[in-house]
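Asker: The structure is given below, and queries will be raised subsequently.
Any read-out appearing in this document is the output of simple, stated calculations on the displayed coordinates, not a laboratory observation. Computed from a predicted model, the values in this text were never measured in an experiment. As a convention, Cβ positions derive from the backbone with ideal geometry for all residues, glycine included, and neighbour counts pool all protein chains shown.
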């Protein structure tokens, strides 16, 4: 229990990595354990494409160029809007990130540059692309979310840093074409991972979590 608690407390979304490759055996071990993730009717809908070395770099450069001249084509619709507490949490997250980097709110150019680093995976040496069958709809995507959480926890327990990236799924048609993925596989997200670069200021940034008093309702308890 202490191990689980420490992982949940310590894991964060890493945005600067060392170039050092992760041994394939470690990645294989993480994948084997993540395969135990729970899923609806045990369908295990996830399929995972793992990139390393030059494959990561080449894809990152191609993606970085693509997004600057093409509109997004996500397989899953983006949120209709952020309102109330959700907008508040989102703003706090963004402001804290850019404040850490010394980027002012009105500096659109610097903000855009930082945003585009999503498509080079913040320099991570590895990327996992998570897909689900189209016919399983939202339930397949939810199962993949469970898998992603377990993958990141297991990576942390092996001394690795991660960041789950919805941005990587924002141009799903491009990703499918680049890797010749079947049209019936929907892109859920990417997970950039590797060894953190602790010298980079951006990795000092941490998000907060709300109190359970604001998200939990109790019935039938005295």
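Asker: I'd like the full set of residues that are loosely packed, with under 14 Cβ neighbours inside 10 Å, more than 20 Å from the chain's Cα centre (by Cα) and assigned to a helix (DSSP H, G or I), limited to region 88-133.
Answerer: 88, 99, 108, 109
Asker: Another question, if that's okay. Please go through region 173-182 and pick out each residue that is surrounded by fewer than 21 Cβ atoms within 10 Å (Cβ to Cβ) and touching a residue at least 12 places away in the same chain (Cβ under 8 Å).
Answerer: Residues of region 173-182 that are surrounded by fewer than 21 Cβ atoms within 10 Å (Cβ to Cβ), as a first pass: 173-174, 176-182.
Once the filter is applied, which keeps residues that are surrounded by fewer than 21 Cβ atoms within 10 Å (Cβ to Cβ) and touching a residue at least 12 places away in the same chain (Cβ under 8 Å), region 173-182 yields 173, 174, 178, 179, 181.
Asker: Does region 177-188 include one or more residues that are under 26 Å from residue 17 (Cβ atoms) and in a helix (DSSP H, G or I)? Steps first, answer last, please.
Answerer: Taking region 177-188 and keeping what is under 26 Å from residue 17 (Cβ atoms), we get 178-179, 181, 187-188.
Restricting the remaining residues to those that are in a helix (DSSP H, G or I) gives 178-179.
The answer is yes; a qualifying residue exists.
Asker: Residues of region 46-79 being surrounded by 14 or more Cβ atoms within 10 Å (Cβ to Cβ), without any contact (Cβ under 8 Å) to a residue 24 or more places away in the chain and farther than 21 Å from residue 116 by Cβ, which ones?
Answerer: Across region 46-79, there are no qualifying residues.
Asker: Quick one: which residue in 140, 84 is more than 22 Å from residue 15 (Cα to Cα) and either surrounded by 13 or more Cβ atoms within 10 Å (Cβ to Cβ) or within 14 Å of the chain's Cα centre (by Cα) (or both)? Reasoning before the result, please.
Answerer: Values: 84 fails: either surrounded by 13 or more Cβ atoms within 10 Å (Cβ to Cβ) or within 14 Å of the chain's Cα centre (by Cα) (or both).
Exactly one residue qualifies, and that residue is 140.
Asker: Take the residues in region 17-30 that are under 17 Å from residue 152 (Cβ atoms) and touching a strand residue (DSSP E or B) at 6+ places or on another chain (Cβ under 7 Å), then tell me which one is surrounded by the most Cβ atoms within 10 Å (Cβ to Cβ). Break it down into steps so the answer makes sense when it comes.
Answerer: The initial filter retains those residues of region 17-30 that are under 17 Å from residue 152 (Cβ atoms), namely 17, 22, 26-30.
Narrowing further to those that are touching a strand residue (DSSP E or B) at 6+ places or on another chain (Cβ under 7 Å): 17, 22, 27.
Details: 17: 24, 22: 20, 27: 19.
Going through the qualifying residues, I end up with 17.
Asker: Looking only at region 144-176, how many residues end up being in a helix (DSSP H, G or I) and either under 17 Å from residue 9 (Cβ atoms) or within 15 Å of the chain's Cα centre (by Cα) (or both)? So that I can check it myself, show each step before the final result.
Answerer: Restricting attention to region 144-176, the residues satisfying the condition of being in a helix (DSSP H, G or I) are 144-157, 167-169, 172-176.
Now narrow it down to the ones that are either under 17 Å from residue 9 (Cβ atoms) or within 15 Å of the chain's Cα centre (by Cα) (or both): 144-157, 167-169, 172.
Adding up the residues that qualify gives 18.
Asker: Filter region 29-41 down to the residues that are within 19 Å of the chain's Cα centre (by Cα) and either free of Cβ contacts under 8 Å to residues at least 24 places away in the same chain or within 30 Å of residue 116 (Cα to Cα) (or both) and list them by number.
Answerer: 30, 31, 34, 35
Let's see how each residue does on (1) over 18 Å from the mean Cα position of the chain (by Cα); (2) under 28 Å from residue 136 (Cβ atoms):
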residue	(1), (2)
11	no, yes
15	no, no
43	yes, yes
60	no, no
64	no, no
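Asker: Okay, next question. Name the residue, out of 59, 76, that is touching a strand residue (DSSP E or B) at 6+ places or on another chain (Cβ under 9 Å) and assigned to a loop (DSSP other than H, G, I, E, B).
Answerer: Result of the check over 59, 76: 76.
Asker: May I pose another question? Got a number for residues in region 197-222 being under 22 Å from the mean Cα position of the chain (by Cα) and either part of a loop (DSSP other than H, G, I, E, B) or under 30 Å from residue 73 (Cα atoms) (or both)? Full working, then the answer.
Answerer: Going residue by residue through region 197-222, those that are under 22 Å from the mean Cα position of the chain (by Cα) are 197-210.
After this cut, where a residue has to be either part of a loop (DSSP other than H, G, I, E, B) or under 30 Å from residue 73 (Cα atoms) (or both) as well, the list is 197-200, 202-203, 205-210.
Number of matching residues: 12.
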